[in-house]
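We did not get these values from a lab; they are worked out from the coordinates using the rules stated. These numbers come from a predicted model, not from an experiment. Heads up, the Cβs are rebuilt from the backbone with ideal geometry, glycines too, and the neighbour counts pull from every protein chain shown.
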Amino acid sequence: MPRIGTEEYKEHVRKKITNVGLEVFARKGYRQTTMNDVAKEMGVTKPTIYLYFKNKEQLLEAISETHQAHLNERLRQWVNEGNLWNYKTILENQGRSSIQNEHLLQLMLEIISEASRNAAIKKIVVENFETRRKIIEEALEDRRRKKLIHSKNDSRSLSLAFITILIGHQVLQSLKIDETELGQVMRDCMRAMLE
């Protein structure tokens, strides 16, 4: 544990608050969670939380930055390993992540809904999706240069369609729609887009 008062200590506490905040948001939902809930979960007072985050939106933004950085790194790795284009791998990863993180998926859906009413949250959501879309667009352009994609659609449109399909798949999984049918639809859509 870093020494109290040092920048390293402050960063350690900030990271702990974001980790606990994510757990509480995922369990209780964004709207139902208060900064007091996060403080209680950490075993500190509410003013301690406010030393690091002035409000719930700022905490959500920090959580998002941390969580999205991890997701974007996984996406880059997935693309570099060639798994982005493997329909079976996509479905396996989608299924595994949704099952393991059902509360996170519900939180993601709640945050997207909240973004329609809250400009600060909308900004966070749009930036996250745009970053992922760009990663996929770059990968599509690379595959196009290597003549592995013959689609006449531009890479920007394809990357947006790809993210739309992945998110739609997650939403339908959360509603417990038949996984076999979802898998077939996803494979058909991706095949049509990429071949």
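Which ³J(HN,Hα) values in Hz, rounded to whole numbers, follow from the phi angles of the range 116-133 under the Karplus curve 6.51 cos²θ - 1.76 cosθ + 1.60, where θ = phi - 60° and Gly and Pro get x?
6, 10, 10, 4, 5, 6, 4, 4, 4, 4, 5, 4, 5, 5, 5, 4, 5, 4
Could you give me the ³J(HN,Hα) list for the range 65-73, computed from phi with Karplus coefficients 6.51, -1.76, 1.60 and θ = phi - 60°, whole Hz, x at Gly and Pro?
Going residue by residue, I get 4, 5, 5, 5, 4, 5, 4, 5, 5 Hz, with x marking Gly and Pro.
Using only alpha-carbon positions, what ratio does the radius of gyration of the range 1-54 give when scaled by 2.2 N^0.38 Å?
Taking the Cα Rg and dividing by 2.2 N^0.38 Å, one obtains 1.13.
Return His70, His169 ranked ascending by Cβ neighbour count within 10 Å, so the fewest neighbours appear first.
The order, fewest Cβ neighbours first, is His70, His169.
With n ≥ 4 as the cut-off for DSSP H runs, can you work out [θ] at 222 nm for the chain, using -39500 (n - 2.57) per run divided by the number of residues, rounded to the nearest 500?
Helix-only estimate at 222 nm: -26500 deg cm²/dmol.
Evaluate the Kirkwood expression for the hydrodynamic radius of the chain, namely the inverse of the mean inverse distance over all pairs of different C-alpha atoms, and round to one decimal in Å.
Answer for the chain: a Kirkwood hydrodynamic radius of 18.5 Å.
Can you put Val38, Val185 in order of Cβ neighbours within 10 angstrom, beginning with the fewest?
In increasing order of surrounding Cβ atoms, one gets Val185, Val38.
In what order do Ile4, Ile121 fall by count of nearby beta-carbon atoms within 10 Å, going from fewest to most?
Listed from fewest to most nearby Cβ atoms, that is Ile4, Ile121.
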